[in-house]
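The values are calculated or read from the model by the stated rules, or taken from the named source; none is laboratory data. Model, not experiment: these values are computed from the prediction. Positions of Cβ are generated from backbone atoms using ideal geometry, with glycine treated the same way; all protein chains shown enter the neighbour counts.
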Amino acid sequence: MTRAAWREQIAAMAFLTPALICFLAFLVAPLIATAVFCLMEIDRFTFGMTYVGLDNFRYVFEDARFWKTFLNTFQFIAMAVVGNVGLGLLLAGLLDRALPSALRYFLRLAYFLPVLIATAFVSYIWKFLFDFDLGAINYYIRLLGLPPVGWLTDTRIAMASVVIMDVWKHVGFFMLILLAALQDVPRELREAAQVDGAGPVRIFVSVTIPCIAPALLFCVAYATIGGLQVYDSMRILTNGGPGDATRSVVMYMFSEAFGAGELALGAVSAFTLLIVIAVIVAAQMWISRRWIR
Amino acid sequence: MAAAPRRPEYWNRLFSATQALHWRNLPVCIALTAGAVVMLLPFLWMFSASMRPTGEAYQLPPNFLPDRISADAYLKVLNSPIPFLRMYANSLLVAAVTTAGVALTSATAGFAFARLKFRGKSTLFALCLVGFMVPPSLLLVPLFFGFAATGILDSIWALILPGLASSLGVFMMRQFMLNQPRELEEAALIDGANYLQVFLKVSLPQMGPPIAALSIITFTQSWNNFVLPLVLTRKAETMTLPVGLLSLADAYGDFSLAALMAAVTMAVTPLFIVFLIGQRFIIESVTHSGLKG
């Protein structure tokens, strides 16, 4: 390398150092440590480690409770993805037209506001809206003469309640992304289809959907990865209950690692989730290369 | 910021012929407005419940507008044994330091990736994007382990340090600089400036808008962070608001609903302010990061 090239190399390293230290110390090192912890038994007081091979994996994978929380998490994801992306697409479709700009401003603000306010704050509000005896929702249900619903206490309904709050909280994000995608669909394509005699439904399915497919795929992958980490809402709304009906994998990780003090078992559940996330990201990339464009 | 002088423009557009309400769209407008009101109802209920005398917060029918103004619940929170103001200050401190740190590391790294030639560039950039795939909540076990081993568990630093590695920040800054013309930097180099001078005098002054957007996003994320502080802080004196609220809600026997809602109202107020100030920045960066990420 020439002298000037050396100077540039050294300058680049200097500019990158602060960021690289952070990434290595708080992302890469913990990532490697998670993999190592999976193979160790960790003493909860001295943090001393002994190698135990795959024993931790065997313990976690033979624990029926782990699979129950895994199943719960995927049940949550299935409902939350359909709710968030479906309702987000509907709202984006409704917003994608000539509206008075003051109204558009208000709508964007109202739908996006919950995205910014943490689950850890809004869950308390919803907990009381969902309350059986004194909650606002059951008050109106009783007013209609219907039997009140055990939103957070009924095993079959609690998960749906968590999803309802999740959709309320996140739908604005998906709406914004899908709205931007819809606004990028070339107007001529839709007009051409209209001239050829296609109805609005046909245009939506055959023209609009293929055009926004990359954004849709991103939304589904994003919602799935977010759903894999669901914790805050379940911790505050139901604390996993009733029974284990709303206990997610991350809650399992918490109770093993920080409740029971079995750090290695927590590492195994986190590692399993990281593998699932890697598979989803790889699948998203594969699908978009293979099927889209 | 740009919010204030925009109003006349909206006002004109509202009454201009092309942007006025199309009668065909009226049902859609009504449906969207009704939906937006439903989105805002939980916040309205939160506020009016916080205004109730502490014994009457549960009163039905639920009030979505406060029927009186009373600061009792707020005083109860501030006078409670839980150091609410201390937690508030912790939240502000953690969010402010994290935001400044992320802005610094992202701006320098983004400058290096966009403007300098050096070996290992693509590898290092890929390393900086790992954070998009690895959620911090899944790195809790090693982070807890590492902080416990180095003795900074239960300190402000345990909450700040993991937030400094921002893949979004590095990505945003690089992307922005790649779209800026590089002639100015080249001219400064020819005039004999060194790389630090080029960064400080030429590049950094251009980065205002993306740094503003990144700061808003980082501040909000840090303010909202729940899972990490839940594990990394034990003492009430080092807790931030999301975890503090949980201990406040757990001590519910002494805490009325009105007081809890007053605490939540105070906790979310900075987010409302940030959102009203930075609405345009936030919405633009969400739509862009979504479509390109």
Taking into account only those residues within segment A:1-31 that are over 36 Å from the mean Cα position of the chain (by Cα) and of a type in the set (Val, Ile, Thr), which is nearest to the other protein chains (Cβ to nearest Cβ)? A:Ile10
Those residues of segment B:73-100 which are part of a helix (DSSP H, G or I) and more than 21 Å from B:Ala158 (Cα to Cα), in sequence order: B:Ala73, B:Tyr74, B:Leu75, B:Lys76, B:Val77, B:Leu78
Checking A:Thr34 against (1) in contact (Cβ under 8 Å) with a residue 24 or more places away in the chain; (2) closer than 14 Å to A:Glu256 by Cβ; (3) away from chain B (no Cβ under 13 Å), only one condition comes out false. Which one? (3)
Give the residues of segment A:86-109 that are buried (at least 21 other Cβ atoms within 10 Å of the Cβ) and more than 9 Å from every other protein chain (Cβ to nearest Cβ), sorted by residue number. A:Gly88, A:Leu89, A:Ala92
Being free of Cβ contacts under 8 Å to residues at least 12 places away in the same chain and either within 12 Å of chain A (Cβ to nearest Cβ) or of a type outside the set (Lys, Arg) (or both) is the requirement here; does B:Leu184 meet it? no
The correct count of residues that are surrounded by 10 or more Cβ atoms within 10 Å (Cβ to Cβ) and of a type outside the set (S, T, N, Q) in segment B:179-198 is 11
For segment A:126-138, state whether one or more residues are within 12 Å of another protein chain (Cβ to nearest Cβ), in a helix (DSSP H, G or I), more than 29 Å from B:Val243 (Cα to Cα) and at pLDDT 90 or above. no
Only one of A:Val185, A:Val201, A:Val207 that is closer than 20 Å to A:Val85 by Cβ, without any contact (Cβ under 8 Å) to a residue 60 or more places away in the chain and outside any helix (DSSP H, G or I): A:Val185
Sort through B:Pro42, B:Pro61, B:Pro53, B:Pro81 and tell me the only one that's under 29 Å from A:Leu143 (Cβ atoms) and away from chain A (no Cβ under 12 Å). B:Pro53
B:Ala158 being touching a Phe, Trp or Tyr at 6+ places or on another chain (Cβ under 6 Å), part of a helix (DSSP H, G or I) and under 30 Å from B:Pro81 (Cβ atoms): yes
Go through (1) closer than 30 Å to B:Ser80 by Cα; (2) crowded, with 19+ Cβ neighbours inside 10 Å; (3) away from chain A (no Cβ under 11 Å) and name the single condition B:Met172 misses. (1)
Given the options B:Leu138, B:Leu124, B:Leu104, name the one that is free of Cβ contacts under 8 Å to residues at least 12 places away in the same chain, within 16 Å of A:Ile10 (Cα to Cα) and of a type in the set (A, V, I, L, M). B:Leu124
Of everything in segment B:101-153, what is at the interface with another protein chain (Cβ under 8 Å from one of its Cβ atoms), part of a helix (DSSP H, G or I) and either among the β-branched types (Val, Ile, Thr) or in contact with a Gly (Cβ under 6 Å, 6 or more places away or on another chain) (or both)? Give them in sequence order. B:Thr105, B:Ser106, B:Thr108, B:Val130, B:Val141
Among A:Ala198, A:Ala221, A:Ala180, which is crowded, with 16+ Cβ neighbours inside 10 Å, under 30 Å from A:Ser269 (Cα atoms) and among the small types (Gly, Ala, Ser)? A:Ala221
Answer yes or no as to whether B:Leu228 is over 26 Å from A:Gly172 (Cα atoms), within 11 Å of chain A (Cβ to nearest Cβ) and either assigned to a helix (DSSP H, G or I) or among the charged types (D, E, K, R) (or both). no
Among the candidates A:Ile225, A:Ile236, single out the residue that is touching a residue at least 60 places away in the same chain (Cβ under 8 Å), within 14 Å of another protein chain (Cβ to nearest Cβ) and β-branched (Val, Ile, Thr). A:Ile236
Which one of B:Ala267, B:Ala249, B:Ala262, B:Ala193 is more than 9 Å from chain A (Cβ to nearest Cβ), assigned to a helix (DSSP H, G or I) and not hydroxyl-bearing (Ser, Thr, Tyr)? B:Ala262
First in segment B:10-37 and more than 7 Å from chain A (Cβ to nearest Cβ) and outside any loop (DSSP other than H, G, I, E, B), second anywhere and modelled with pLDDT of 90 or more and surrounded by fewer than 14 Cβ atoms within 10 Å (Cβ to Cβ), Cβ under 7 Å, 6 or more apart: none
